[in-house]
1. Would you mind finding the one in E137, E94 that is over 22 Å from E73 (Cα atoms), surrounded by fewer than 16 Cβ atoms within 10 Å (Cβ to Cβ) and of a type outside the set (F, W, Y)?
2. Between a residue in the stretch 1-27 that is in a strand (DSSP E or B) and any residue that is more than 9 Å from the ligand (Cβ to nearest atom) and polar (S, T, N, Q), which pairs come within a Cβ distance under 6 Å, given they are 6 or more apart or on different chains?
3. Among the residues of the stretch 23-57, write down those that are closer than 22 Å to L126 by Cβ and in contact with a strand residue (DSSP E or B) (Cβ under 8 Å, 6 or more places away or on another chain).
4. From the list I52, I20, which residue is surrounded by 14 or more Cβ atoms within 10 Å (Cβ to Cβ) and under 25 Å from T183 (Cα atoms)?
5. Which of the residues belonging to the stretch 129-161 are assigned to a helix (DSSP H, G or I) and free of Cβ contacts under 8 Å to residues at least 12 places away in the same chain?
6. Go through (1) part of a helix (DSSP H, G or I); (2) within 16 Å of the ligand (Cβ to nearest atom); (3) free of Cβ contacts under 8 Å to residues at least 40 places away in the same chain; (4) not polar (S, T, N, Q) and name the single condition A42 misses.
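Values in this text are rule-based calculations from the coordinates and carry no lab data. For clarity, every value in this text was computed on a predicted model and none was experimentally measured. Using ideal geometry, Cβ is built from the backbone for each residue, glycine included, and neighbour counts are taken over all protein chains shown.
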Amino acid sequence: PRSIWLSRHGESNFNLSGQIGGDADISERGELYARRLPELVAQSAGDTKLTIWTSTLKRTIQTARFLPFEKLEWKALDELDSGVCDGMTYGEIEEKYPEDFKARDDDKYNYRYLGGESYRDVVIRLEPIIMELERSENILIVTHQAILRCIYAYFMNVPQERSPWMEVPLHTLIKLTPKAYKTEEERMPAKI
Ligand code: F6P
């Protein structure tokens, strides 16, 4: 049966500072994950030849760069656009846009950042990605938290409204294998 592999990018300098969005480089720990990833993938996929899909942002490209496979960059895999809040911490957002902060907490799936996107928007822009995934084989996607939550919910048959709360940790390779009645899941944390 066909499997799909998913991974967030390695820890970025923005993850360290608690800033959202942006186009930061990966941190030293993120770099360790990037260097460990080929081994993790080999453990999970054996000698299956994979194709790597990343976003167009540096942290995913840097994370995937040691994988010995063909790579494709998709704009549609870029992180949820946080608009005017891009580059801010949650604390700064709460201070500067208290009503928005609360509105997001009340309805995280539908909340659209000023000048940016909602999870609902992301689900729509991921449609071509999902279609392409459905007719491809042996894809490893290295992308961002919000994006992976939506892709994960899709393959796990979880209603998209719940995607904002899916648990997709850093430095963990996820293997999904769709079966007739449910999708099998395997998680391999990198010990770094
Ligand atoms: O903090 C990392 C990050 O990927 C941000 O860039 C992004 O805005 C956020 O996570 C998405 O998570 P949430 O929807 O829970 O804020």
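1. Values: E137 fails: over 22 Å from E73 (Cα atoms).
None of the other options fit; the residue is E94.
2. Q19/T89; I26/Q62
3. We begin by selecting, within the stretch 23-57, every residue closer than 22 Å to L126 by Cβ; these are 23, 50-57.
Once the filter is applied, which keeps residues that are closer than 22 Å to L126 by Cβ and in contact with a strand residue (DSSP E or B) (Cβ under 8 Å, 6 or more places away or on another chain), the stretch 23-57 yields L50, T51, I52, W53, T54, S55, T56.
4. I52
5. Within the stretch 129-161, the subset assigned to a helix (DSSP H, G or I) is 129-134, 145-155, 160-161.
Across the stretch 129-161, the qualifying residues are M131, E132, E134.
6. (2)
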